[in-house]
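J.: Got a structure here, written out as structure tokens. Questions coming.
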Amino acid sequence: MIIRRASPAELPLLREIERAAGAPFHALGMASVADDEPPSLAELAVFQGAGRALAACPDPPRAGTGGEAGPVAFLLWEPVDGCTHVAQVSVRPDHAHRGIGRALIDRAERDGGPVPVTLTTFAEVPWNAPYYARIGFRVLSGAGLTPGLRAIRAREAALGLDRWPRVCMRREPGGRGPAIMPA
């Protein structure tokens, strides 16, 4: 897998990946999450233009792509309160359980510099908080929430995401957890 910055031409593909990655939430009774509209092309372009949209692409390229390696996963990150904050990470379900999400997070950590990595996620979804704990993240208590994380959580609550338990998590620099083995 090659992890690189996403190109402007790939932004529509990132939206497709997000839709596919959301589908498994239906099985958990989280239809509003599963059916949520991906970030707009304009929103994605902001991350891409800042060099903060990462794409995971097969190596060698997928058959039928004319030699181009289209993304199967992506990550969006931004600086928040001196940390590298993962705004979104999505992996196509047919490429899950191969360590791609972890590789994207590790690359965002390198790109963001020697600072902690933060994210917000669903506490009880197996491929969310339990997964992040396995790769070195810890849940932050209320006292550990920075102003920026509090603002992110307030936006999430306004979107109705608090129907299900959510947490903020943090990983210290170089705090990578154990490797995830392919399924």
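J.: Which of the residues spanning region 116-161 are surrounded by 15 or more Cβ atoms within 10 Å (Cβ to Cβ), among the β-branched types (Val, Ile, Thr) and more than 24 Å from Glu37 (Cα to Cα)?
T.: Within region 116-161, Val117, Ile135, Thr146 qualify.
J.: Do you know which residues across region 123-166 are of a type outside the set (A, V, I, L, M, F, W, C) and touching a Gly at 6+ places or on another chain (Cβ under 7 Å)?
T.: Arg134, Gly136
J.: Of all residues in region 106-130, which are in contact (Cβ under 8 Å) with a residue 60 or more places away in the chain and in a helix (DSSP H, G or I)?
T.: Asp106, Arg107, Glu109, Asp111
J.: For residues in region 1-16 being of a type in the set (A, V, I, L, M) and either open to solvent by less than 60 Å² (accessible area, probe 1.4 Å) or not in a helix (DSSP H, G or I) (or both), which is nearest to Pro165 (Cα to Cα)?
T.: Leu14
J.: From the set of residues in region 94-112 that are open to solvent by 20 Å² or more (accessible area, probe 1.4 Å) and among the small types (Gly, Ala, Ser), which is farthest from Pro147 (Cα to Cα)?
T.: Here the answer is Ala96.
J.: Would you confirm whether any residue within region 17-32 is of a type in the set (D, E, K, R), surrounded by 13 or more Cβ atoms within 10 Å (Cβ to Cβ), outside any loop (DSSP other than H, G, I, E, B) and in contact (Cβ under 8 Å) with a residue 60 or more places away in the chain?
T.: yes
J.: Pairs needed: first member in region 48-59, open to solvent by 20 Å² or more (accessible area, probe 1.4 Å); second member anywhere, of a type in the set (D, E, K, R) and outside any strand (DSSP E or B); C-beta distance under 9 Å; at least 6 residues apart or different chains.
T.: Gln48/Glu10; Arg52/Asp111
J.: Please determine whether any residue of region 80-93 is part of a helix (DSSP H, G or I) and more than 27 Å from Gly148 (Cα to Cα).
T.: yes
The values are calculated or read from the model by the stated rules, or taken from the named source; none is laboratory data. In this text, all values refer to a predicted model and were calculated from it rather than measured experimentally. Glycine gets a Cβ as well: all are built from the backbone with ideal geometry, and neighbour counts include every protein chain shown. Accessible surface areas use protein heavy atoms only, side chains included; no ligands, DNA or RNA. Shrake-Rupley method; radii C 1.70, N 1.55, O 1.52, S 1.80 Å.
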